[in-house]
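Down below is the structure, laid out as structure tokens.
Read-outs: derived from the displayed coordinates by stated rules, not from any lab. On a predicted model such as this, the values are computed, not experimentally measured, just so you know. When we count neighbours, we look across all protein chains shown, and the Cβ atoms used for this are built from the backbone with ideal geometry, even at glycine.
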Amino acid sequence: MNILMLCYYFPPISDVGSKRSVAFSTYFNKYGWKPFVISVKNPDKNYCSIGNEPPPEGVRVEYSYCIANLYKFVGQLNGVFSRLLKPFNITLKRNYFYDLFCIPDHFCGWIPLTITKGIGIIRKCNIDVIYVSCSPFSSSIIGLVLKFLTRKPLIIDFRDPLVIKNVPYLKTPLIRNSINIFIEDLILKYSDIFVVTTEELRKAYLERYPLKERKIFTVHNGFDISYLIAQKPDKFKKFSIIYIGQFYFCDNRNDKYTDAFFQSISLLKSNGKINADNFQFLYFGDGIERIERIARDLDIEDLVICSERKPYKDILEFLSKSHLQLLRIIKPMISTKLYEGIPFDIPFLATIPHGEVEEIISKYSPASYVITESSASKVADAILDAIGKYRCNQIKGNYIEEFLSIYSRENLTRKLIRIIDDNIES
């Protein structure tokens, strides 16, 4: 098939959201499909990370201009009004300008010209099917319009859900939530295939849309084996726990898992079990100031080393040299760190709730530690146990081949191809 892929996140954008689309386009091409990708020409640099990685070889990519990048604008507008209201002791609890102007999100300026470019490619290149990667959810609007105008089958791939229930950190005003629900209802109604990235999310959508069961599928995120390192490097001399990416909601004092992890380090230090000569926690990601503040508050600054984001291959080398990877999630999503840690044979220190991630770890990573309650002492015991097992060479390896037979991005693309073949007539 000739497949049109609408992917805002695509090289040179280097954010993690681009990796899934890059893999799909690469392996579509490998298995005889012809992908045509539309990405953004002028991404919002206040929100996106720009790298120098080229698009996959053999994949045709065209770029469409965004007529307005709203992220910085609505942030500045909110700042102006916050200062104006401060003398009256009025505090804005959220950015209401985002809710007013950014529907379905602040990427909506990408919609108009991308629709025009999409129509041209569909007609010129004899496109058989349209694939849309979300987020941003503005892309879903483009996909819906293109389907209505061209009558081509539509695949919507939700890397993230638009409407999330029972997540205490995400507070959405009622009217904005109603708009999001309306958009999501349209997507489920008019898409031919609706893809999500976890089984927990699929079940949640089936519960809400039971009549759409035949179009809702799970294709996990997975790992691209091209990033595997041929020869494992030696471990750091210090016992090292690594965390990569955004440390979700660590400003929230009710985040029990954050508190338990950092308090466990403080507990081990105060008991003389670890020190700066034999232990380090490596943090690579955004929000360094927050992590450093927590370290200061708990007097563990000498054990916590923070660094800005680094190139992906460099990060994977640091990962392979570490002893444990700290894993945290926001249900019902699965962090990409899960798919990296198992192929790199790193045990997890997973402070997570019960569920799908716990099941995957228990199946493929026998040396990992899964702690499903807020307990600094249990986290500390897990760290001490891992230190002892490494010292005695008793750490069991991950079941890498079995994991990759299901979760390699190549095999996951083949799964998506089968789903399309079975549900869309060529």
Residue of Gly355, Gly17, Gly341 that the Gaussian network model of the chain assigns the largest fluctuation, springs spanning Cα pairs under 10 Å: Gly355
Distance (nanometres) between label positions extended 7 Å along Cα→Cβ at Lys235 and Asn2: 5.4
At R0 = 25 Å, FRET efficiency that the Cβ-Cβ distance of Ile424 and Ile103 yields, to 0.05: 0.25
Amide H contacts of Met5 (H built 1.01 Å from N, under 5 Å, at least 5 apart or other chain): Phe36, Val37, Ile38, Tyr131
³J(HN,Hα), Karplus 6.51/-1.76/1.60, whole Hz, each residue of the range 29-35, x for Gly, Pro: 4, 4, 9, x, 7, 10, x
Label-to-label distance, nm, for residues given as Arg151 and Thr116 (7 Å Cα→Cβ offset): 2.6
Stretch gain in nm, segment Tyr96-Ala68, where the contour uses 0.36 nm per residue and the Cα spacing is subtracted: 8.2 nm
Angle in degrees between helix 288-297 and the longest Cα principal axis of the chain, rounded to the nearest 10: 30
Pairs of Lys in the range 49-155 closer than 20 Å at Cα, counting only those 8 or more apart or on different chains: 5
Span from the the range 409-423 Cα centroid across to the the range 22-86 one, whole angstrom: 25
Length-normalised contact order for the chain - Cα pairs under 8 Å, 6+ apart - percent: 13
MRE, 222 nm, helices only [DSSP H, n ≥ 4, -39500 (n - 2.57), over the chain, to nearest 500]: -13000 deg cm²/dmol
Tail beyond 26 Å, pair distance distribution of the chain (Cα, percent): 59
Most fluctuating residue given options Phe236, Phe158, Phe217, as computed from a GNM of the chain linking Cα atoms under 10 Å: Phe236
Viscosity 1.306 mPa s, 10 °C: Kirkwood-radius Stokes-Einstein D of the range 226-406 over Cα pairs, µm²/s: 96
Segment Lys45-Asn411, length gained on full extension (0.36 nm per residue, minus Cα span): 128.5 nm
Neighbour count of at most 15 Cβ within 10 Å plus DSSP loop: longest trypsin sites (Lys or Arg not before Pro)-free window in the chain: 274-395
Residues Phe281, Phe148 arranged by fewest to most Cβ contacts within 10 Å: Phe148, Phe281
Inter-label distance for Gln246 and Gln76, nm, one decimal - labels placed 7 Å from Cα along Cα-to-Cβ: 2.3
Degrees separating the helix 199-208 axis from the principal Cα axis of the chain, which is the longest one: 50
Percent of alpha-carbon pairs separated by more than 17 Å within the range 351-414: 55
Computed E for Asn275/Glu402 - FRET, C-beta separation, R0 41 angstrom, nearest 0.05: 0.60
Between helix 409-423 and the chain: long-axis angle, C-alpha atoms, 0 to 90°, nearest 10: 30
Tensor-based shape of the range 291-398 (alpha-carbon gyration tensor, a/c under 1.5 rounded, otherwise prolate or oblate): rounded
Neighbour-count ranking [beta-carbon atoms within 10 angstrom, fewest first] of Ile329, Ile315: Ile315, Ile329
Within the range 384-426, backbone nitrogen closer than 16 Å to the virtual label 7 Å beyond the Cα of Asp192 toward Cβ: 416-426
Cα-based Rg of the range 73-189 normalised by 2.2 N^0.38 Å, two decimals: 1.31
